[in-house]
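The values are calculated or read from the model by the stated rules, or taken from the named source; none is laboratory data. This is a predicted model, so every value here is computed, not measured. Here the Cβ positions follow ideal geometry from the backbone for every residue, glycine too, while neighbour counts run over all protein chains shown.
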Amino acid sequence: MLYTCSPQCTDPSHHHGGAKRTRSAALSAPRAATSTRPARGSRPPVVDVHCHYLNPAVAAAASDLDVGKHDPSVIYANALTRETNVAQMKERAPKLTGIDQRLDDMERMGIDIQAISPAPFQYFYFAPPERGAALARQVNEGIAALVAQTPERFVGIGSVPLQNAELAVQELDHSVGRLGLRGVEINTNVNGLNLTDPRLGLEPFFARADALGAVVFLHPVGFSEGARLTDHYFNNVIGNPLDTTVAVSHLIFDGVVARYPNIRFIAAHGGGYVAHYWARMDHAWRARADCRTVIDRLPSSYLKTFYVDTMVFDPQMLRHLVDLFGAERVLLGTDYPYDMGEDRPRELIAAVQGLTAEEVAQIEGLNAVKLLNITPAI
């Protein structure tokens, strides 16, 4: 991920991305130079639900807030990680802040439509509430403007100021109701507090999202208690899925998912670790009274109502997600344009054993078309 500085920033204390990823052997063959995006004709579109846009004007407007002081992925990073991130920013800023190279990359990757969400560093939950609301409004209007430039290739996912529930509700209504964005992206914690923490008072936000049947995309920015994750870019590599795991677990065990079944949660990075160790939650619910204080059925039954993306890098792990959630709840995602993203998402899906042609079409785009109310151009 990339920190919200200007593309010219070279401050090594700022976080601008990450280290190189390890690929599955199943995806290690050289890629052809030509486009992997076949002619559309009448086929379903390929939709990327996990890709980001950093608004330079918003970054400039927030330059006085010293964002890095509040960012776990900056706080819990060593010098080499910071240097690596600066280098990534220089290379990838045009992809993150513009359209032309993004469209070229979409052609190469075989992506017809991106559901663009804010760069997570533009949440601004640490700002005073009114300031945070103003920045969220600017983020959302910027995404709406980008979509309007190329509506056949982009739909938008917005932001809300979760540091204040009333303002978050107002921005949810504005972004979805007035700007036509297809949902909102939220962090997996708010200034280190769980999304269900009573001190945040987010029940009105969840209630409004439920009334709207809103899409809520859970996307972390590192782990908020990452003192042991400083080296090796661990606060992204391990910390991102860990924070998603904590958030999803609280949303389930604290009853948010049960109380608000119409919210359509998407959990980034394959849903974190909970998708691969859910049985321990179910065992605890059966074995211990302190795990049954709110919910009245198995935690996994609520977990399976989430949507997850394909950001797991390995065909066997993706096969597991399909087996657990069903092909109808798995969505193609790339984390574009970060170096922790998946450059060949369709090849990853094609490498999963046993998928039917219908399931491939669902994962590649049909699920997202339905979830995000996309009317594809043919």
So the check is Cβ under 6 Å with 6+ separation or different chains; which pairs have a first residue in the range 208-221 that's among the acidic types (D, E) and a second one that's assigned to a loop (DSSP other than H, G, I, E, B)? D210/Y260; D210/N262; D210/I263
Failed item in (1) modelled with pLDDT of 95 or more; (2) within 18 Å of the chain's Cα centre (by Cα); (3) within 30 Å of I349 (Cβ to Cβ); (4) part of a helix (DSSP H, G or I), with L172 passing the rest: (3)
Which of (1) closer than 18 Å to I157 by Cα; (2) crowded, with 21+ Cβ neighbours inside 10 Å is the odd one out, the single condition L371 does not satisfy? (2)
Consider D339 carefully, then state whether it is acidic (D, E) and either surrounded by fewer than 17 Cβ atoms within 10 Å (Cβ to Cβ) or farther than 23 Å from V274 by Cα (or both). yes
Any residue in the range 291-310 that's without any contact (Cβ under 8 Å) to a residue 12 or more places away in the chain: show its pairings with residues that are exposed (fewer than 15 other Cβ atoms within 10 Å of the Cβ) and not aliphatic (A, V, I, L, M) at Cβ separation under 9 Å, as long as the two are six or more apart or on different chains. R292/R286
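Kindly indicate the residue of the range 323-336 that is acidic (D, E) and outside any loop (DSSP other than H, G, I, E, B) and also surrounded by the most Cβ atoms within 10 Å (Cβ to Cβ) among those meeting that condition. Before you say what the answer is, go through the steps one by one.
At the first step, the residues of the range 323-336 found to be acidic (D, E) are 323, 328, 335.
Okay, now just the ones that are also outside any loop (DSSP other than H, G, I, E, B), so 323, 328.
On the way: D323: 10, E328: 15.
Of everything passing the filter in the range 323-336, E328 is surrounded by the most Cβ atoms within 10 Å (Cβ to Cβ).
Identify the residue in the range 179-232 that is aromatic (F, W, Y) and buried (at least 24 other Cβ atoms within 10 Å of the Cβ) and, among all such residues, is nearest to T81 (Cα to Cα). Can you show your working first?
Let us first name the residues in the range 179-232 that are aromatic (F, W, Y), namely 205-206, 217, 223.
Going one step further and asking which of them are buried (at least 24 other Cβ atoms within 10 Å of the Cβ), we end up with 205, 217, 223.
Numbers: F205: 36, F217: 27, F223: 16 Å.
Only one residue fits best here, namely F223.
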For the range 144-153, indicate whether the set of residues that are of a type in the set (S, T, N, Q), crowded, with 17+ Cβ neighbours inside 10 Å, in contact (Cβ under 8 Å) with a residue 12 or more places away in the chain and out of contact with any Asp or Glu (no Cβ under 6 Å at 6 or more places or on another chain) is non-empty. no
Inspect the range 97-107 for any residue being out of contact with any Gly (no Cβ under 7 Å at 6 or more places or on another chain), of a type in the set (A, V, I, L, M) and modelled with pLDDT under 95 and give the result as yes or no. yes
Filter the range 255-277 for residues that are of a type in the set (F, W, Y) and out of contact with any Ser or Thr (no Cβ under 8 Å at 6 or more places or on another chain); the one that is nearest to A327 (Cα to Cα) is Y277
